[in-house]
């Protein structure tokens, strides 16, 4: 029985590693041998690490190039929003002509009726505000808008100016009619 247990123990044991003869009697030479192995392993590790760092550096440079290109695209887009396209100028001229017609009507009606003078001065102030807005909309760097937004804002200014022209003509006609009928 004892032999059987001893045999099972021997079969179940794995190989163990203890110090070798060289480690006991040639310690300096053995230590140098192990150090050479460690140096070789570290040199291999250094090569692998250097390649890894080189790959990371290339990847970071690639990301920087992509990022710079993306920033340039966005900057170009936002810069283009500040630029007024050449075709927009004609609408501005049409609006300026409407304002000139309003000014002519107002100058012809000055002093004819006190309430009319108040109405026409308010009309001119509103026109001035819209012309200031139009200047911002049609000047490079004035407003940062897409073309459709810029055109919509200019169209709104034009509609207001046309309405003011109609109001000025109506007020002029009413005042002149009142003068003819002797109401003033």
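The values are calculated or read from the model by the stated rules, or taken from the named source; none is laboratory data. Every value quoted in this text rests on a predicted model; they were computed, and no experiment measured them. Ideal geometry is used to build each Cβ from the backbone, glycine not excepted, and the neighbour counts take in all protein chains shown.
Looking at the structure I just gave you, is residue 75 at pLDDT below 80, surrounded by 11 or more Cβ atoms within 10 Å (Cβ to Cβ) and under 21 Å from the mean Cα position of the chain (by Cα)? In short, no.
Checking the stretch 175-183 against the condition returns a match, with at least one residue being assigned to a helix (DSSP H, G or I) and loosely packed, with under 12 Cβ neighbours inside 10 Å.
Residue 96 satisfies every condition listed in (1) surrounded by 11 or more Cβ atoms within 10 Å (Cβ to Cβ); (2) more than 18 Å from residue 151 (Cβ to Cβ) except (2). What number of residues in the stretch 155-181 are at pLDDT 90 or above and over 44 Å from the mean Cα position of the chain (by Cα)? Result for the stretch 155-181: 2.
Of everything listed in (1) without any contact (Cβ under 8 Å) to a residue 24 or more places away in the chain; (2) assigned to a helix (DSSP H, G or I), the single unmet condition for residue 96 is (1). Screening the stretch 121-154 for residues that are in contact (Cβ under 8 Å) with a residue 40 or more places away in the chain and surrounded by fewer than 12 Cβ atoms within 10 Å (Cβ to Cβ) and picking the one that is farthest from the chain's Cα centre (by Cα) gives 140. Please count how many residues of the stretch 129-160 are out of contact with any helix residue (DSSP H, G or I) (no Cβ under 8 Å at 6 or more places or on another chain) and not in a helix (DSSP H, G or I). Summing the residues that are out of contact with any helix residue (DSSP H, G or I) (no Cβ under 8 Å at 6 or more places or on another chain) and not in a helix (DSSP H, G or I) in the stretch 129-160 gives 1.
For the stretch 79-92, does any single residue satisfy the condition of being under 30 Å from residue 145 (Cα atoms), surrounded by 10 or more Cβ atoms within 10 Å (Cβ to Cβ) and at pLDDT 80 or above? Even if it seems obvious, please write down each step before you answer.
Let us first name the residues in the stretch 79-92 that are under 30 Å from residue 145 (Cα atoms), namely 79-92.
Adding the requirement that they be surrounded by 10 or more Cβ atoms within 10 Å (Cβ to Cβ) leaves 79-85, 88-89, 91-92.
Pick out the ones that are also at pLDDT 80 or above and you get 91-92.
Yes, there is a match, as at least one residue in the stretch 79-92 is under 30 Å from residue 145 (Cα atoms), surrounded by 10 or more Cβ atoms within 10 Å (Cβ to Cβ) and at pLDDT 80 or above.
Residue 52 meets each of the listed conditions (1) touching a residue at least 24 places away in the same chain (Cβ under 8 Å); (2) more than 33 Å from the chain's Cα centre (by Cα) apart from (1).
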